[in-house]
């Protein structure tokens, strides 16, 4: 083929074109948005923008499962138009400033660094019970909390723990409001660790025995040594 004929083909490569802003939608969608930008009448331009949004929704069906997926599609439309599209949008128009705006920092939860082996739930229970007025129900809750503290303690320390240790730490965690009367708050003995295995003995299963139906002769070894 002659070089003149090759030049007449006017081959067009993607490397010679402008870079796509959102490549996942393809070159055709970008061309439609460029056509929409070239329309002078705003009402006609808005109708074309609605059509492009419907096409984008068909190309990206995963967004339909999310909330306000239509709003996200319109945001993508404004981003691909390089924020130059002037249409009557049903949602607030996305701008470059909004897109580059950073979200607020999430506050890191402040938790106690001491007595972590008891857990935050148990420490919250101690704080709640310590604010209650003195009563028999509060004494019962103190008793249950002390038992749970011993379980949590033994889950990290397999050795024996004295009840006085539980009382002193309960007093520290409650701000001196609980564990003041050890005679009423006696930790039950024999509390096992949470990670302790259960005392279950594995029993061997017996094989089922099937009985023969009918009067069949039993198989016995033949005493014949000769050949037939």
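Nothing in this text is a laboratory measurement; each read-out follows from the coordinates by a stated rule. None of the values given here were measured: they were computed from a predicted structure. We place every Cβ from the backbone using ideal geometry, glycine too, and count neighbours over all the protein chains shown.
Points worth noting:
- As a proxy for reagent exposure, 139, 159 were ordered by neighbouring Cβ count within 10 angstrom, fewest first; the result is 159, 139.
- Rough spin-label spacing in nm, given labels placed 7 Å along Cα→Cβ, for residue 127 and residue 67: 2.8 nm
- A straight chain from residue 115 to residue 86 at 0.36 nm per residue would run longer than the Cα-Cα distance by 4.5 nm.
- Cα gyration tensor shape for the stretch 51-165, rounded if a/c is under 1.5, else prolate or oblate: prolate
- Shape of the stretch 14-100, Cα gyration tensor, a/c cut at 1.5: rounded
- Using the Cβ-Cβ distance between residue 155 and residue 24 with R0 set to 41 Å, the FRET efficiency from 1/(1 + (r/R0)^6) comes to roughly 0.25.
- Over the stretch 116-173: Kirkwood hydrodynamic radius from C-alpha pairwise inverse distances, Å: 11.8 Å
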